[in-house]
1. At pLDDT 90 or above, on the phi < 0 side of the Ramachandran plot and either of a type outside the set (Lys, Arg) or open to solvent by 30 Å² or more (accessible area, probe 1.4 Å) (or both): is that true of B:Val333 in this structure?
2. So, of the residues in the range A:1-20 that are part of a strand (DSSP E or B) and without any contact (Cβ under 8 Å) to a residue 24 or more places away in the chain, which turns out to be nearest to the other protein chains (Cβ to nearest Cβ)?
3. For the range B:168-200, which residues satisfy the criterion of being over 25 Å from B:Thr39 (Cα atoms) and open to solvent by less than 20 Å² (accessible area, probe 1.4 Å)?
4. Only one of these conditions is not met by B:Pro101: (1) at pLDDT 90 or above; (2) surrounded by fewer than 15 Cβ atoms within 10 Å (Cβ to Cβ); (3) within 29 Å of B:Asn6 (Cα to Cα). Which number is it?
5. Of the residues in the range A:46-81, how many are at the interface with another protein chain (Cβ under 9 Å from one of its Cβ atoms) and either at positive phi or open to solvent by less than 40 Å² (accessible area, probe 1.4 Å) (or both)?
6. State all residues of the range B:132-167 that are open to solvent by 30 Å² or more (accessible area, probe 1.4 Å) and assigned to a loop (DSSP other than H, G, I, E, B); if no residue qualifies, say none.
7. Quick one: would you say B:Glu257 is within 14 Å of chain A (Cβ to nearest Cβ) and either among the acidic types (Asp, Glu) or surrounded by fewer than 17 Cβ atoms within 10 Å (Cβ to Cβ) (or both)?
8. Restricting to the range B:337-393, name every residue that is surrounded by 12 or more Cβ atoms within 10 Å (Cβ to Cβ), touching a residue at least 60 places away in the same chain (Cβ under 8 Å) and of a type in the set (Asp, Glu).
Amino acid sequence: MYEEVNAKIKVAGVYENNLFWPRKFVWNGKLYEIEQITLTSELRDAGVKKRLYSVLSKGTVYRLLFNRDNETWFLRALWLD
Amino acid sequence: MLQQENPDLRGKPVGVIKDKGRTCIIAASKEAKKLGVKTGCNVKEAKILAPHIILVPAEFDIYLDATKKLKKIFENITPDAEIFSLDEAFIPLKTLKYIYPNPHKLAIKTKLTIKEVLGEWITCNIGIAKNRLLAKIASEIAPKDSIFEINEQNEEEILKTVNFSDVCGVGFKLEARLKELGVEHPYQIRTIPTDLLETKFGLFLAEALIQIGRGEGSYILDRSSAAHMKSVSRTITLFKLCGNETQIKSVLYNLAEEVTYKVRRMDMAGRQVGFFLQGEEKTISAHRTLKQYIRHTNEMVEIIEDLYKNRKRTFRVIKFGVFLSYLKPLKEVPPTLFSEWYKNEKLYKSLDAISQKYGLFTVRSGLLTQVKDIIRPEVTGYLGDKKYQFMEE
């Protein structure tokens, strides 16, 4: 099941082909290296644009949510066995 | 999509439920299907069939984004491509035979593009045929992730053998009524006299069934003709029965808020309002057709409250629904003389501007302050509101 987290995180990554690709993030002071981005989705809450990155770090899927309007990052959820 | 997103789920039986705690399987992975888990199956039943099934809540936002990406792929082939539901589309090629002389090659290329855009784990069935009805049947009966063509050689055989569950527009109830006539496959409809079909099913449905029996395109598959949406509705099933009057009113308000927001976003107004409540095997419903057009939440809620107070509810409610129909583009609606309407319009324009900038329900009615979880918009598999969902693309 996905466990809701909804915590602010710090993200570092690269811009490539006009898109940002996260490479690592910090949550609760701990650094997580991203091995793979398994899915990206453009989401909307009325007019607010958000981008969801589903990423793999040490075998766990994390859903990173980027609010494109106010440029903030959240860890929305993570997969727990 | 969920298996694409999460490698942990790949190759395993997965059942998609609407939300945590829900008991109905709304989609199943191929591994779960192999074990007998079907859409509509109860979670308990699914766990007996597939004890290791992994239950995952649906992510409608993710599915809608995938549909929007698919729409772009298909519209690159032809601007006439039509998204039919959340995961189905029709790509008419009749007028493009010089550009795409070989539909099979196009199908293979399209499958590759879909994998490139959505991910390597995404599967796609493509049906090729002379019309929508047969193309849809072809995609249903094709083995998972493959291309299947219905042509002159195999058409009759398929119509003689295909089950109605693979024929779009024929649901369980219609299938059962056809069975009463001894009809279990589309081809058998040809053996039933037209007047009997008309008596049993009515003129329109009889005509559609005759077309299905002949393997001809049916109006059931034509959802593109309307220039705009005729109605916006919203339903919700709660987790448990609710008898609290304030909560019932809050839910109705919440749903009406979403409906009127969508109507305003589409620059429309409607003049028929209705609602229904279901629970404990009982239903109450009512609607009212108005002389004037409305599009503001307070107007809609006022009418629902009035309709509701005239119905005596004797049961606890689990399912709620509201609708605003007889929709028309606002520019075609005769201007009203009531100054109240213009005040409302100004107010809701401001509220909508806030919603656009900060998200829906950022500003909400006092009636919704007691609601623990606001009911937010979500798409359905049928994608009945696609004109709204695609309007900003």
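1. Yes.
2. A:Leu19
3. Those that are over 25 Å from B:Thr39 (Cα atoms) and open to solvent by less than 20 Å² (accessible area, probe 1.4 Å): B:Ile189, B:Leu197.
4. B:Pro101 satisfies every listed condition except (3).
5. 11
6. B:Pro143, B:Lys144, B:Asp145, B:Asn151, B:Glu152, B:Gln153, B:Asn154, B:Asn163
7. Yes.
8. Answer for the range B:337-393, where residues must be surrounded by 12 or more Cβ atoms within 10 Å (Cβ to Cβ), touching a residue at least 60 places away in the same chain (Cβ under 8 Å) and of a type in the set (Asp, Glu): B:Asp352, B:Glu378, B:Asp385.
The values are calculated or read from the model by the stated rules, or taken from the named source; none is laboratory data. Bear in mind that the values here come from a model prediction, so they are computed numbers and not experimental data. Heads up, the Cβs are rebuilt from the backbone with ideal geometry, glycines too, and the neighbour counts pull from every protein chain shown. In case anyone asks, the SASA skips ligands and DNA or RNA and just uses the protein heavy atoms, side chains included. Shrake-Rupley method; radii C 1.70, N 1.55, O 1.52, S 1.80 Å.
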